[in-house]
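Notes follow once the structure below has been shown.
The values are calculated or read from the model by the stated rules, or taken from the named source; none is laboratory data. From a predicted model like this one, the values you see are computed outputs, not experimental measurements. Cβ sites come from the backbone with ideal geometry, for glycine too, and all protein chains shown count toward neighbours.
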Amino acid sequence: MSKPYYLTTAIAYTSGKPHIGNTYEVVLADAIARFKRKEGYDVRFQTGTDEHGQKIELKAREAGVTPKEFVDDVAGEIRNIWDLMNTSYDKFVRTTDDYHEETVQKIFKKLYDQGDIYKGYYEGLYCTPCESFFTESQLVDGKCPDCGRPVGHAKEEAYFFKMSKYADRLMKYIEDHPEFIQPESRKNEMVNNFLKPGLQDLCVSRTSFSWGIPVDFDPKHVIYVWLDALSNYITTMGFDVDGNHGDLFKKYWPADVHIIGKDIVRFHTIYWPIFLMALGVPLPKKVFGHPWLLVGSGKMSKSKGNVIYADDLVDLFGVDAVRYFVLHEMPYENDGVITWELLVERINSDLANTLGNLVNRTISMSNKYFGGTVADCGVTDGYDKELIDTALDTKTHVIRKMDQLRVADAMTEIFNLFKRCNKYIDETTPWLLAKDPSKKDRLSTVLYNLVESITIGASLLVPFMPETAEKIFAQLNSRERTMDELEVFGLYENESKVVEKPEILFARLDVKEVLEKVDAMYAARQSANEAEEEEPEEDLVDLEAKPEISIDDFDQLQLRVGQIISCEAVKKSKKLLCSQVKIGKETRQIVSGIKKYYTPEEMVGKKVMVLTNLKPATLAGVRSEGMILCAVKPDGELCLMTPEKDMPAGTEIS
């Protein structure tokens with residue numbers, strides 16, 4: 001029976017289309033999964049999408065759709081890209097799947113019932129894109145330490161997980177399992193920067209937005225995205241909080257490796273293990289935090305205009321060329337670099353020259369000298385042994401590198417074999433052997449050795465460049481070798497015939513032509529974005545002008561920034577909300593007719609524009625001490641007027 005092997009990617013956040021740096025992760029995991037299958041393992045490879053959170057709710061509102069409609073669209077796009085890159089996942093999980101949501105609710109309830117989760121009150125600095133709270137000391141230059149974006153003040157009722165209860169146990173586990181966090185530098189960062197200074201209790205619910213999994217026993221709370229998202233690794237396999245686990249869970253858990261980006265190592269090596277400890281579940285065997293793929297020397301960013309997408313790359317270079325680049329050019333520990341120029345250079349040197357030219361020359365010479373027939377005539381010399389030893393040793397080198405998750409190094413070993421084949425051609429000079437009829441058998445043996453060596457290399461190349469390997473087998477009239485067969489040289493069937501005309505695997509590229517295509521692509525995208533941003537004529541609103549006022553009239557209005565610290569529906573009204581609004585040192589109670597467009601939970605924490613010197617009024621029996629300003633369409637739809645930048649509560653608007 002095959003030994004089970006379970007690996008996962010982090011699930012992609014459905015805030016937008018993933019760039020090539022995001023896509024690298026699923027290609028990396030796919031190469032590992034395919035290689036493990038080749039080794040004979042019963043592999044389960046899981047990926048998917050993370051679909052809840054405040055950022056999704058905001059983006060959906062901006063797009064004028066429901067959060068579910070928004071994530072359905074983005075999740076579909078993500079899956080299409082994963083499929084485009086020829087990734088062989090076994091399960092694509094979505095955190096909006098019913099079974100996932102139900103199990104997460106049960107996990108939350110179990111942790112609450114056993115005292116690991118308690119209700120409290122949170123006040124701190126919050127990064128919306130990262131869905132994370134931070135203390136002042138954790139910020140970097142006053143900004144989020146993970147993404148570098150601005151943070152805002154947030155205050156709300158929340159449930160908390162007692163992280164410190166399990167901190168010592170986790171520390172001991174890491175000490176006893178030195179391979180748990182890879183690479184070593186990631187482990188040192190987690191231990192020194194987070195565990196040793198002491199863990200704070202973790203906020204695990206939110207009330208300031210509604211797009212999430214509700215806490216079933218306290219529905220105004222939604223479960224914090226990390227407890228929700230991390231649980232996907234077990235919810236998909238029939239995990240049961242009462243221990244009645246499904247067959248998949250019994251077979252595959254604990255996971256052999258979580259493949260994740262280095263920016264979320266903390267969540268996977270501190271929060272996730274502690275959640276599992278609290279549930280009484282074994283920890284994953286390994287968490288590998290891969291580095292980032294940078295454009296030039298910086299992160300990809302839409303604002304910088306340097307985002308590169310996988311489908312753009314595939315259109316220009318093909319799937320396997322892109323797979324080769326991201327897998328081969330990403331170091332084990334340090335960040336990798338992608339530029340259009342570097343892509344062209346690698347495709348020309350490694351794929352067109354080293355591999356493509358090797359296959360083309362071998363097939364062309366077989367046709368020219370023997371009508372395409374390949375036969376081992378047994379005429380050898382010293383060069384043969386070096387080639388054969390290299391071919392047979394490559395499997396061992398590749399396995400060793402893959403066991404260490406050094407995928408780029410494993411590919412280098414395979415291409416070292418192809419380079420050795422090219423050197424063998426230079427050493428044996430088939431074109432000279434062909435001039436001497438007495439050396440015909442020697443020439444035949446040389447070409448046989450080349451075909452056999454290329455077949456061995458292509459068999460090892462399958463997990464990394466599956467389409468290219470299949471093309472090589474088809475042109476050589478050979479087949480993929482099993483791992484056991486890679487220990488034997490000479491399995492290519494004697495007197496077999498290669499194709500009459502070799503297909504060019506990778507054409508050489510002109511960097512200037514490629515850059516011109518790239519410039520045209522970005523220009524077209526920029527034009528499309530600008531067209532989308534233009535306001536359609538029919539969306540303009542004309543109003544009858546009111547009588548002019550003087551600056552003195554305007555000065556009589558006192559407009560200030562306020563922050564909503566709590567909000568509830570007015571019981572006697574279908575359209576009113578009652579908000580407690582902090583304005584400077586005082587708190588005002590303001591009633592607004594906006595219930596149709598905002599829930600009380602959505603209001604909490606927002607910075608709004610307030611008319612503060614409006615005479616108090618009583619609405620539906622509730623006193624109102626000001627007015628929250630809104631923009632209102634002719635059909636009555638409205639939105640709150642909020643400051644563009646984060647301004648302190650009480651700031652004057654003038």
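Let's see how each residue does on (1) in the same structural domain as V379 (by TED's automatic domain parsing); (2) within 24 Å of V374 (Cβ to Cβ); (3) modelled with pLDDT of 95 or more:
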{"site": "S459", "(1), (2), (3)": "yes, yes, yes"}
{"site": "K471", "(1), (2), (3)": "yes, yes, yes"}
{"site": "K512", "(1), (2), (3)": "no, no, yes"}
{"site": "M521", "(1), (2), (3)": "no, no, no"}
{"site": "S527", "(1), (2), (3)": "no, no, no"}
{"site": "L540", "(1), (2), (3)": "no, no, no"}
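Of the residues in region 44-85, how many are of a type in the set (F, W, Y) and assigned to a helix (DSSP H, G or I)? Talk me through it step by step, then tell me what you get.
First, the residues of region 44-85 that are of a type in the set (F, W, Y): 45, 70, 82.
Keeping just the survivors that are assigned to a helix (DSSP H, G or I) gives 70, 82.
Looking only at that region, the number is 2.
Show the residue pairs that are 6+ apart or on different chains and have beta-carbon atoms under 7 Å apart, the first residue being within region 89-105 and free of Cβ contacts under 8 Å to residues at least 40 places away in the same chain, the second being of a type in the set (A, V, I, L, M).
none
Which of the residues spanning region 565-616 are small (G, A, S), surrounded by fewer than 19 Cβ atoms within 10 Å (Cβ to Cβ) and in a loop (DSSP other than H, G, I, E, B)?
S573, G584, G593
What number of residues in region 128-176 are part of a loop (DSSP other than H, G, I, E, B), out of contact with any Asp or Glu (no Cβ under 9 Å at 6 or more places or on another chain) and free of Cβ contacts under 8 Å to residues at least 12 places away in the same chain? It would help to see each step written out before you state the result.
Filtering region 128-176 for residues part of a loop (DSSP other than H, G, I, E, B) gives 128-131, 135, 139, 141-142, 144-149, 151, 162-163.
From what's left, out of contact with any Asp or Glu (no Cβ under 9 Å at 6 or more places or on another chain): 128, 131, 135, 139, 141, 144-145, 149.
Narrowing further to those that are free of Cβ contacts under 8 Å to residues at least 12 places away in the same chain: 141, 145.
Qualifying residue count for the region: 2.
Given the conditions (1) in contact with a Ser or Thr (Cβ under 6 Å, 6 or more places away or on another chain); (2) under 16 Å from Y233 (Cβ atoms), and given that Y99 satisfies all but one, which numbered condition is not satisfied?
If we test Y99 against (1) in contact with a Ser or Thr (Cβ under 6 Å, 6 or more places away or on another chain); (2) under 16 Å from Y233 (Cβ atoms), just (1) comes out false.
Test R420 against the criterion of being out of contact with any Cys (no Cβ under 7 Å at 6 or more places or on another chain), under 27 Å from G382 (Cα atoms), in contact (Cβ under 8 Å) with a residue 12 or more places away in the chain and not in a loop (DSSP other than H, G, I, E, B), and give yes or no.
On the way: out of contact with any Cys (no Cβ under 7 Å at 6 or more places or on another chain): yes; under 27 Å from G382 (Cα atoms): yes; in contact (Cβ under 8 Å) with a residue 12 or more places away in the chain: yes; not in a loop (DSSP other than H, G, I, E, B): yes.
The answer is yes for R420.
For region 380-392, indicate whether the set of residues that are surrounded by fewer than 16 Cβ atoms within 10 Å (Cβ to Cβ), modelled with pLDDT under 95 and acidic (D, E) is non-empty.
Yes, the conditions are met somewhere in region 380-392.
Could you say which residue among E568, E586, E625 is assigned by TED's automatic domain parsing to the domain that holds A649 and either without any contact (Cβ under 8 Å) to a residue 24 or more places away in the chain or hydroxyl-bearing (S, T, Y) (or both)? Please lay out each step first, then the result.
Numbers: E568 fails: either without any contact (Cβ under 8 Å) to a residue 24 or more places away in the chain or hydroxyl-bearing (S, T, Y) (or both); E625 fails: either without any contact (Cβ under 8 Å) to a residue 24 or more places away in the chain or hydroxyl-bearing (S, T, Y) (or both).
On inspection, the qualifying residue turns out to be E586.
Which residue, of F325, F415, is in contact with a Lys or Arg (Cβ under 8 Å, 6 or more places away or on another chain) and on the phi < 0 side of the Ramachandran plot? Please lay out each step first, then the result.
Details: F415 fails: in contact with a Lys or Arg (Cβ under 8 Å, 6 or more places away or on another chain).
After ruling out the rest, the residue left standing is F325.
When you go through (1) under 30 Å from E157 (Cα atoms); (2) surrounded by 13 or more Cβ atoms within 10 Å (Cβ to Cβ); (3) touching a Ser or Thr at 6+ places or on another chain (Cβ under 9 Å) one by one for G198, which number turns out not to apply?
Here G198 clears every test but (2).
Which members of region 334-359 meet the condition of being in a helix (DSSP H, G or I) and either out of contact with any helix residue (DSSP H, G or I) (no Cβ under 9 Å at 6 or more places or on another chain) or surrounded by 20 or more Cβ atoms within 10 Å (Cβ to Cβ) (or both)? Before the answer, list the steps.
Restricting attention to region 334-359, the residues satisfying the condition of being in a helix (DSSP H, G or I) are 340-359.
Within region 334-359, L343, V344, I347, S349, D350, L351, A352, L355, G356, L358, V359 qualify.
All but one of (1) free of Cβ contacts under 8 Å to residues at least 60 places away in the same chain; (2) loosely packed, with under 13 Cβ neighbours inside 10 Å hold for Q114, so report the exception by its number.
Single failed check for Q114: (1).
If you go through region 621-654 one residue at a time, how many are within 15 Å of C567 (Cβ to Cβ) and either modelled with pLDDT under 85 or in contact with an Asp or Glu (Cβ under 6 Å, 6 or more places away or on another chain) (or both)?
Total satisfying the criteria: 1.
Specify the residue that is modelled with the lowest pLDDT; the eligible residues are those in region 127-152 that are under 17 Å from I264 (Cβ atoms), within 23 Å of the chain's Cα centre (by Cα) and not hydrophobic (A, V, I, L, M, F, W, C).
If we filter region 127-152 for residues that are under 17 Å from I264 (Cβ atoms), which is where we start, we get 127-134, 138, 140, 144-149.
So of that shortlist, the ones also within 23 Å of the chain's Cα centre (by Cα) come out as 127-134, 144-149.
Applying the additional criterion that residues be not hydrophobic (A, V, I, L, M, F, W, C) yields 128-129, 131-132, 145-146, 148-149.
Working: T128: 78, P129: 78, E131: 70, S132: 75, P145: 87, D146: 81, G148: 85, R149: 86.
Per the criteria, the residue is E131.
With the condition kept exactly as written, say whether any residue in region 286-301 is at pLDDT 95 or above and over 14 Å from E25 (Cβ atoms).
Looking through region 286-301, at least one residue is at pLDDT 95 or above and over 14 Å from E25 (Cβ atoms).
Taking region 178-225 on its own, how many of its residues are farther than 25 Å from V104 by Cβ, assigned to a loop (DSSP other than H, G, I, E, B) and either touching a Pro at 6+ places or on another chain (Cβ under 6 Å) or free of Cβ contacts under 8 Å to residues at least 40 places away in the same chain (or both)?
Residues in region 178-225 being farther than 25 Å from V104 by Cβ, assigned to a loop (DSSP other than H, G, I, E, B) and either touching a Pro at 6+ places or on another chain (Cβ under 6 Å) or free of Cβ contacts under 8 Å to residues at least 40 places away in the same chain (or both): 4 in total.
Limited to region 470-511, what total is found for residues that are under 28 Å from D315 (Cα atoms), touching a Ser or Thr at 6+ places or on another chain (Cβ under 7 Å) and aliphatic (A, V, I, L, M)?
The total comes to 2.
Take P331 and decide whether it is outside any strand (DSSP E or B) and at pLDDT below 95.
Details: outside any strand (DSSP E or B): yes; at pLDDT below 95: yes.
It is true that P331 is outside any strand (DSSP E or B) and at pLDDT below 95.
Tell me, please, whether a residue that is of a type in the set (S, T, N, Q), surrounded by fewer than 18 Cβ atoms within 10 Å (Cβ to Cβ), in a loop (DSSP other than H, G, I, E, B) and in contact (Cβ under 8 Å) with a residue 40 or more places away in the chain can be found in region 487-495.
Yes, because at least one residue in region 487-495 is of a type in the set (S, T, N, Q), surrounded by fewer than 18 Cβ atoms within 10 Å (Cβ to Cβ), in a loop (DSSP other than H, G, I, E, B) and in contact (Cβ under 8 Å) with a residue 40 or more places away in the chain.
Residues being β-branched (V, I, T), in a loop (DSSP other than H, G, I, E, B) and closer than 15 Å to T587 by Cα: count how many of those fall in region 621-654. Spell out how you get there, then give the answer.
First, pick out the residues of region 621-654 that are β-branched (V, I, T): 622, 628, 632, 642, 651, 653.
From what's left, in a loop (DSSP other than H, G, I, E, B): 642, 651.
Narrowing further to those that are closer than 15 Å to T587 by Cα: 651.
Selection size over region 621-654: 1.
In this structure, is Y41 crowded, with 20+ Cβ neighbours inside 10 Å and either without any contact (Cβ under 8 Å) to a residue 60 or more places away in the chain or under 21 Å from Q404 (Cβ atoms) (or both)? Spell out how you get there, then give the answer.
Working: crowded, with 20+ Cβ neighbours inside 10 Å: no; either without any contact (Cβ under 8 Å) to a residue 60 or more places away in the chain or under 21 Å from Q404 (Cβ atoms) (or both): yes.
Spelling it out, it is not the case that Y41 is crowded, with 20+ Cβ neighbours inside 10 Å and either without any contact (Cβ under 8 Å) to a residue 60 or more places away in the chain or under 21 Å from Q404 (Cβ atoms) (or both).
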